[in-house]
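I have placed the structure first, in the form of structure tokens, so that the comments after it can refer back to it.
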Amino acid sequence: MSEQRTQWDLGRFVQTLDYFEAIPVVSWFQKMFQPRPNPQPTIDNRVLFDFSNPATDLQNTWGALDDVVMGGASDSGVRLENGVAVFSGNVSIANSGGFASIRTRNFDPAIDLSTFTGIELRVKGDGNRYKFLVRDDDGWDSIGYSHSFDTVADEWITVQIPFAQLVPVFRAKTVSNAKSIGADHIRSFQLMLSKFEYDGALNPRFNPGSFRLEIASIAAY
């Protein structure tokens, strides 16, 4: 994976920060004069997101968060298609990048999952290894609690992620002194394809280029 350089997309960088309300002054004005719906999944028979429901508000809940925020050139998005959410795009190692992701805007109020063991995903992938991250803090650049999982190309699988086994990370580096995740106040979810695992180790199943992950549901178990 040799170093590549390509033109940085400043416009997409600004759009990302705007969507996640990561620019303090702009965020304040948005909340005052252009308020957005607060993402707030409801727990219906354990299910938090049922993407077979056409009323699912992807536009105001899930947004792309790619390595453009660090100068990279990866490009991804999420859409509803045939009863599933499709996370797809192109992940590039240009400009020292190498990750694409989708993340929810902060749940407001936070959701309480303290009576559950963890999160369950129903997904169909392309053979890549992905990450699922959970945050209990509303900060833009805060510690995430991560779990890596392998997909089987073109096969539906169920992935169970116990809260107790989540790995606290900050920018793909493990945080050894981090507290356990506060399952009683979950603020956001994130799905990611990255060339890195943790602490500089490479994802052994990573391939740059196009990718596709279908998500049928996200539930508590």
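Heavy-atom accessible area of K173 with all protein chains present, probe 1.4 Å, nearest 10 Å²?
So the heavy atoms of K173 present about 130 Å² to solvent.
Between N60 and N177, what is the FRET efficiency for a Förster distance of 30 Å, r being their Cβ-Cβ separation, to the nearest 0.05? Mind showing how you got there, number by number?
Numbers: r = 35 Å, r/R0 = 1.18.
That gives a FRET efficiency of 0.25.
Share of the chain's accessible area from carbon and sulfur, percent, 1.4 Å?
That fraction is 50 percent.
Which whole-number percentage describes the relative contact order of region 127-166, with Cα contacts under 8 Å and a sequence gap of 6 or more? Write down the numbers at each step before the final one.
Working: 45 pairs, mean separation 16.6, N = 40.
About 41 percent, as a whole number.
If packing is taken as the average count of other Cβ atoms within 10 Å, what order do 88-101, 178-191, 137-150 fall into, highest mean first?
Answer by packing, highest mean first, reads 88-101, 178-191, 137-150.
Using a 1.4 angstrom probe on the protein heavy atoms only, line up M70, M192 by accessible area, largest first.
Numbers: M70 140, M192 30 Å².
Correct descending sequence by accessible area is M70, M192.
Checking the a/c ratio against 1.5 first, then a/b against b/c, what shape does the Cα gyration tensor give for region 71-115?
Taking the square roots of the gyration eigenvalues as a ≥ b ≥ c, region 71-115 is oblate.
Output the antiparallel fraction of DSSP beta bridges having both residues in the chain, as a percent to the nearest 5.
The antiparallel proportion sits near 95 percent.
Number of Lys-Lys pairs in the chain under 23 Å by Cα, sequence gap 8 or more or different chains? Don't skip to the answer; put the middle values down first.
Details: K124/K195; K131/K173; K131/K179; K131/K195; K173/K195.
Pairs that pass both the separation and distance tests number 5.
Volume per residue, Å³, of the convex hull around the alpha-carbon atoms of the chain?
Expressed per residue, the convex hull around the Cα atoms of the chain is 123 Å³.
From the Cα gyration tensor of region 131-221, with a ≥ b ≥ c the square roots of its eigenvalues, which class applies: rounded if a/c is under 1.5, or else prolate if a/b is larger than b/c, or else oblate?
On the way: a/c = 1.94, a/b = 1.27, b/c = 1.53.
Verdict is oblate for region 131-221.
Which net charge results for the neighbourhood of V159, defined as the other residues with beta-carbon distances under 14 angstrom from its beta-carbon, given Lys and Arg at +1 and Asp and Glu at -1? The partial results should precede the final answer.
Values: positive: R122, K124, R129, K131; negative: E120, D150, E155, E214.
Net charge in that neighbourhood comes out at 0.
Can you give me the accessible area per residue for the chain, using a 1.4 Å probe, in Å²?
49
For D44 and D112, what does the FRET efficiency come to when R0 = 22 Å and r is the distance between their Cβ atoms, rounded to the nearest 0.05?
0.90
What Kirkwood Rh does region 62-138 have if only Cα atoms enter the pairwise 1/r average? Answer in Å.
Working: mean 1/r = 0.0692 Å⁻¹.
Here the Kirkwood hydrodynamic radius works out to 14.5 Å.
What whole-number volume per residue, in cubic angstrom, does the convex hull of the C-alpha atoms of region 48-177 give?
Enclosed volume per residue, from the Cα hull, is 129 Å³.
Could you pull the accessible area for L58 with a 1.4 Å probe, rounded to 10 Å²?
20
D75 to Y221: extension gain in nm, 0.36 nm per residue of separation minus the Cα-Cα distance?
Full extension of this stretch gives 49.4 nm more.
The values are calculated or read from the model by the stated rules, or taken from the named source; none is laboratory data. For clarity, every value in this text was computed on a predicted model and none was experimentally measured. Every residue, glycine among them, receives a Cβ derived from its backbone with ideal geometry; neighbour counts consider all protein chains shown. Only protein heavy atoms, including side chains, enter the accessible area calculation; ligands, DNA and RNA are left aside. Shrake-Rupley method; radii C 1.70, N 1.55, O 1.52, S 1.80 Å.
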